1. Go through region A:72-88 and give me each residue that's at the interface with chain B (Cβ under 7 Å from one of its Cβ atoms) and outside any helix (DSSP H, G or I).
2. Is region B:22-38 home to any residue that is modelled with pLDDT of 95 or more and closer than 24 Å to B:THR200 by Cα?
3. Hey, does region A:89-99 have a residue that's within 13 Å of chain B (Cβ to nearest Cβ), open to solvent by less than 10 Å² (accessible area, probe 1.4 Å), in contact (Cβ under 8 Å) with a residue 12 or more places away in the chain and under 20 Å from B:ALA379 (Cβ atoms)?
4. Consider region B:188-215. How many of its residues are out of contact with any strand residue (DSSP E or B) (no Cβ under 7 Å at 6 or more places or on another chain) and charged (D, E, K, R)?
5. Give me the pairs, please: first residue somewhere in region A:38-49 and open to solvent by less than 20 Å² (accessible area, probe 1.4 Å), second residue anywhere and of a type in the set (Val, Ile, Thr), beta-carbon distance under 9 Å, and either six or more positions apart or on two chains.
6. Out of curiosity, is B:LEU72 closer than 22 Å to B:ALA401 by Cβ and assigned by TED's automatic domain parsing to the domain that holds B:LEU308?
7. Being within 19 Å of the chain's Cα centre (by Cα) and open to solvent by less than 10 Å² (accessible area, probe 1.4 Å), is that true of even one residue in region A:101-117?
8. Which residue is modelled with the highest pLDDT, if the candidates are limited to region B:360-380 and must be more than 11 Å from chain A (Cβ to nearest Cβ) and assigned to a loop (DSSP other than H, G, I, E, B)?
Amino acid sequence: MRNLVTVVVFLVLGPMWTFFALPWLMETVFLGVFAAPGLQLQQFIDEVAGKLFVVFWLCNVSVVLLWVIRTMQRRAPSAAKVAAMRDRWWTAASLLLFAGLVLSSVMILLRFPQLSPGGIILLLALLLTSEVLLFWLPTVFASRRSYRLAVPGAQLFPKSLMGG
Amino acid sequence: MKLFAIGVGGSGAKCLEAAIHLHTMGLLDREGSPPTELGVLFVEPDRQSALLQRAQTALGRTQSLRKVLDGLTQHFCHGGELKDYGVWNPVESVAGQGSLTMAQIYTKQTLQHKSPALGGLMDCLFTQEEQTLDLREGFRGRPPIGSALMSAVALDDATHAKTWGQFLGDVRQAAKEGEDVRIHLFGSVFGGTGASGVPTVGCLLRSWLQKQGIQRAPLNASLLLPYFNFKDHGAKDTGLYAEASNFQLNTGAALQYLSQEGNQDFDRVYLLGSDAKVAYGFSIGGASQANGAHLVELLAVLGLRNSLGETGQADAAYTLSRHNQSSVNWSDLPDSALTQRALGRGARLAVVWRNNISLDLEAANGQSLKRFCVGAPWATRFYTSSSEEARTLGSRKDKDARLAADQWSEALLTWLKQLCSSTGGALDQKLLNPVKLDVQPTHLESLGDLVYSNDSGPAHKWETDVEYLKIQLDKRRAGGFNSQGTAGLLDTLWELCDQP
């Protein structure tokens with residue numbers, strides 16, 4: 001029950017990051033980094049924050065829900081079977097990141113080739129941050145108790161915060 | 001409390017096997033008192049007896065487990081020493097390692113020469129076959145042979161120093177220190193060794209207690225009446241052997257003797273039997289006599305448990321029988337709720353340990369603790385990642401404890417499985433599910449259906465999952481007693497397996 005509440009919480013927090021915090025950061029804090037000759041900044045922010053990161057958020061939500069359903073449905077009789085889920089977690093995380101990179105590359109190459117190297121690095125950093133917030137944290141806190149250490153880095157948090 | 005249990009013959013050994021398991025499960029403890037100390041002594045002329053060896057295996061494995069857990073647990077195997085007084089072989093105590101026959105014991109040749117009348121009397125009482133039977137193979141269902149041999153023995157003789165000497169010394173010492181002492185004999189009265197040994201040893205012990213002036217040491221007995229038959233019988237060249245057709249005759253004679261003489265020897269007597277007889281394979285004894293454990297033996301030990309309570313009304317007789325002709329369930333056992341709770345707890349621990357947790361630990365051998373904990377978060381609660389242990393999961397002591405717990409679990413599961421499989425006849429057993437008591441090479445997922453219940457079962461099916469137990473292990477907070485390692489894991493599991 002507790003992990004379901006956690007999923008709901010992250011389902012609410014995810015859009016807040018994607019639709020409010022991220023565009024605000026791009027428009028204020030990182031505006032100077034993205035600025036490049038010939039680049040329509042407002043159009044860039046609208047397209048990146050409004051399309052690229054929304055698609056990325058949807059991908060993350062889908063994979064998180066799949067992960068939670070999988071760990072909820074699957075009995076965990078042996079330690080080896082639970083440990084094997086870590087490999088699956090890495091696979092899911094890598095695929096998500098790869099999808100983010102592909103989407104970003106396509107968008108940069110086709111729409112905003114003027115983007116500076118600093119801007120590209122910052123965009124990738126924001127992508128990574130999104131994955132941390134939208135995939136890693138939810139899987140840390142919303143995995144069923146038996147799988148609480150299957151997510152890398154979960155041991156950094158007190159076990160009392162982990163799922164039921 | 002100090003409890004001294006004596007198992008006479010094959011059935012007596014099986015009862016001691018049951019007593020050892022029930023002692024581990026805490027069923028021989030009295031509420032509000034320190035754990036009961038149990039000392040066991042086997043009386044068996046047949047060194048090769050498979051039943052004796054099985055009981056000794058259970059004893060050895062339980063002692064090994066207690067040794068590795070000593071001082072490291074707060075609940076499981078905590079206190080209540082289990083002492084082994086060994087095997088007293090009445091034949092070897094008279095004849096040493098050589099062969100011995102009735103004719104040799106009573107020096108028949110000399111007897112015939114000096115007093116032909118006495119020699120003739122011996123021929124009347126014992127057949128030629130009985131007189132020349134090698135007694136190292138047991139008494140072959142002939143109580144008079146055993147009685148004649150054992151009644152000639154002085155228990156406190158120096159030749160029995162390792163067995164009776166220590167046993168009687170401890171009884172004397174405990175009585176002297178004002179401890180609550182109980183002596184309990186187990187044996188069948190329809191075979192050879194038990195039928196001759198229980199009354200004889202009882203009589204010898206009563207004489208010894210009186211001689212020592214020990215008044216407050218009740219001497220009780222659980223006597224097993226016929227509860228099994230043999231599928232076949234011996235061939236012509238088998239020689240002397242126990243015959244099922246003689247069981248009733250032997251029983252009648254033994255009960256007649258006890259009603260006349262046993263009243264003076266025993267404070268309480270528990271008579272256990274079964275109308276639904278289980279059919280064991282025919283055997284003259286030795287290694288081939290591998291009769292499985294039986295519910296009657298459990299009842300015999302529950303008699304011992306009953307005798308630990310307050311002394312009942314003198315000269316009173318209580319009877320107990322099952323409620324349903326065609327089945328036996330928990331409500332048929334004395335102290336049914338408590339017995340169900342303890343046996344269910346032991347079964348759960350043995351099953352979850354042997355068929356799941358131990359398999360996890362075995363698979364983790366060679367892995368680092370960090371890696372193992374990815375799949376077993378509960379391990380972080382019991383194993384620390386310090387020094388060499390981080391590489392090998394647990395210390396040498398932890399590994400020894402795991403092996404000891406494995407062996408103990410296997411012994412317990414074998415006993416429970418036999419107990420629940422050999423009820424005999426068309427009697428349906430509704431205590432534990434025998435299928436769930438098998439040792440499995442793969443991980444067991446659920447403990448559901450392990451313990452048959454009179455109720456509708458646990459509130460949530462999920463709670464019978466092994467995973468649920470593991471989550472509880474992970475959630476469990478260390479109390480005042482910091483139980484670590486395999487010992488701590490076993491101790492915590494023992495607590496979690498208790499489902500009142």
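1. Listed by number, the residues that qualify are A:ARG75, A:ALA76, A:PRO77, A:SER78.
2. yes
3. no
4. Of the residues in that region, 1 qualify.
5. Correct list of pairs: A:ALA49/A:THR18.
6. yes
7. Yes.
8. Per the stated criteria, the residue is B:SER368.
The values are calculated or read from the model by the stated rules, or taken from the named source; none is laboratory data. This one's a predicted model, so the numbers in the text were calculated from it and none came from an experiment. Cβ coordinates were reconstructed from backbone atoms using ideal geometry, including for glycine residues, and neighbour counts include every protein chain displayed. The accessibility values were calculated without ligands, DNA or RNA, using every heavy atom of the protein model including side chains. Shrake-Rupley method; radii C 1.70, N 1.55, O 1.52, S 1.80 Å.
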